[in-house]
Amino acid sequence: MVKAFSKGIEIFLIPCLGDNQNYAIVGRESSQNIGFTVDSPDPQVITKFFESKNWNLDVILNTHHHWDHVDGNPQLKNRWNCKIYGPEYEEKRIKKIDFSLNESSTYQLGKHKFEIIHLPGHTLGHIAYYSETLGVLFVGDTLFSAGCGRLFEGTPDQMWESLKKLRTLPDETLVFCAHEYTLNNIEFALSLEPNRQSLLNFQNVSQEKRSKSLPTVPTTIGVEKEINPFLRADDIELKKNLNMTENSDVEIFAHIRKSKDTF
Ligand code: ZN
Ligand code: FE
């Protein structure tokens, strides 16, 4: 398993169900090791991971109600008796949830505070977990590297506002996305802007990683602001490349989201 972070806490990547990217986090709270996972795509793989490390799974942090993020809740609760947190707006759709969170909630892991960011768009209640002191963001299916989640429930307006919220986070913030879709997303981004040099460079680096079966995540807010077209719907360069200089930012966003749906 790839360890992606080690600074007060440790974050491991656990690939699940083909292209889900699950995360296991281990930290110390009142001199005790506590383990948590963001979402629960595959209870067997997650359990095996925690057993192999000899850690308990104490907490599940759910980002949204889709099956590939919450279906492992009942089995994991059975095995580990863990506490399950998730978005308030979706609490009725998430099995075995113990505590619901909204933007005024925080989750404390030792000295590290996680803030809850509400990100309607992919689903209406979708939340992300952000720690400023650690500089990490667990963003579920809202932001992917070079892409973003499909609009299953929200409007383009809502998703664009959600993505703009993420853009205000510090550039060096590590972004832990819930799927490994990067290469396909880059191909789509290049179909909009075939000559964007930073994107071509990013494609090279990402292809190199994938050819060695390494993940392309985590990414950073700074990188995504440069290469992710869904974060650049207000960028005049992108508007020019699309021949849509007269259109509003939301119209640009809606247009590229729709094109990606059928790419
Ligand atoms: Zn989803
Ligand atoms: Fe998903």
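The values are calculated or read from the model by the stated rules, or taken from the named source; none is laboratory data. Model, not experiment: these values are computed from the prediction. Counting neighbours? That spans all protein chains shown, and the Cβs are built from the backbone with ideal geometry, glycine included. Note: areas computed on protein heavy atoms with side chains; ligands, DNA, RNA excluded. Shrake-Rupley method; radii C 1.70, N 1.55, O 1.52, S 1.80 Å.
So which lysines pass the test for Lys165, namely a Cα distance under 16 Å, with those fewer than 8 places away in the same chain ruled out?
Once the sequence-local lysines are set aside, what remains near Lys165 is Lys225.
Roughly how much of Val59 is accessible, in Å² to the nearest 10, using a 1.4 Å probe?
In the full protein context, Val59 sits at about 10 Å².
Given only helices, namely DSSP H runs of n ≥ 4 each adding -39500 (n - 2.57), what is the per-residue ellipticity at 222 nm of the chain, to the nearest 500 deg cm²/dmol?
Numbers: 9 runs with 87 residues, N = 263.
After summing the helix terms and dividing by residue count, I get -9500 deg cm²/dmol.
Along the charge dipole of the chain, Cβ charges K/R +1 and D/E -1, which of Val205, Ser248, Leu190 sits furthest on the positive end?
So the residue we want is Val205.
Angle check, please: helix 249-261 long axis (alpha carbons) against the longest principal axis of the chain (alpha carbons), in degrees 0 to 90, nearest 10.
70 degrees
With +1 assigned to the C-beta of every Lys and Arg and -1 to the C-beta of every Asp and Glu, and no other charges, what is the dipole magnitude of the chain about the Cα centre in debye, to the nearest 20? Each step should come with its number before you reach the end.
On the way: 29 positive and 35 negative charges, 141 e Å.
Its charge dipole is roughly 680 debye.
Can you list, bin by bin at 5 Å, the percent of alpha carbon pairs in the chain, starting at 0?
Values per bin, smallest distances first: 1, 6, 14, 18, 20, 17, 12, 8, 4, 2, 1, 0.
Quick check: Cα centre of the stretch 57-71 to Cα centre of the stretch 202-263, how many Å?
Centre-to-centre distance over Cα atoms comes out at 27 Å.
How large is the accessible surface of Met244 in square angstrom, using a 1.4 angstrom probe and rounding to the nearest 10?
30 Å²
Mind giving me the nanometre distance, one decimal, between the label points for Lys165 and Glu237, set 7 Å out from Cα along Cα→Cβ?
Computed distance between label sites Lys165 and Glu237 equals 2.7 nm.
Would you pull out the residues with amide H under 5 Å of Val217's amide H, same chain only if 5 or more places away, H placed 1.01 Å from N?
Long-range HN contacts for Val217: none found.
Quick one: order Leu174, Leu119 from most to least accessible surface, probe 1.4 Å.
The residues order as Leu174, Leu119, largest area first.
How big is the accessible area of Glu172 in square angstrom, nearest 10, if you roll a 1.4 angstrom probe over the protein chains?
Here the residue's solvent-accessible area equals roughly 130 Å².
Two decimals is fine: what is log10 I(q)/I(0) at q = 0.19 Å⁻¹ for the stretch 80-157, from a Debye sum with one equal scatterer on every Cα and no solvent?
-0.88
Which peptide among 68-74, 129-135 comes first, and what is the full order, when sorted by highest mean count of other Cβ atoms within 10 Å?
Sorting 68-74, 129-135 by mean packing, highest first, produces 68-74, 129-135.
Between Asp261 and Ser191, what is the spin-label point distance in nm, taking each point 7 Å from the Cα along the Cα→C-beta axis?
1.4 nm
Of the options Asn22, Gly154, Leu101, report the single residue whose Cα projects farthest towards the positive end of the charge dipole of the chain (beta-carbon charges: Lys, Arg +1; Asp, Glu -1).
Asn22
Among Gln32, Thr220, Leu143, which residue has its Cα furthest toward the positive end of the charge dipole of the chain, with +1 on Lys/Arg Cβ and -1 on Asp/Glu Cβ?
After comparing all options, I get Gln32.
Can you give the percent of C-alpha pairs in the stretch 117-243 whose distance is more than 21 Å?
Percent of Cα pairs beyond 21 Å in the stretch 117-243: 37.
Compute the angle between helix 156-167 and the longest alpha-carbon principal axis of the chain, please, reported from 0 to 90 degrees and rounded to the nearest 10.
Result, in degrees: 70.
What's the angle, to the nearest 10 degrees (0 to 90), between helix 197-211's Cα axis and the longest principal axis of the chain?
40 degrees
For Glu237, Glu193, give the ranking by accessible area with the largest first, probe 1.4 Å. Please report the intermediate quantities before stating the final value.
Numbers: Glu237 90, Glu193 5 Å².
Of Glu237, Glu193, the descending order of accessible area is Glu237, Glu193.
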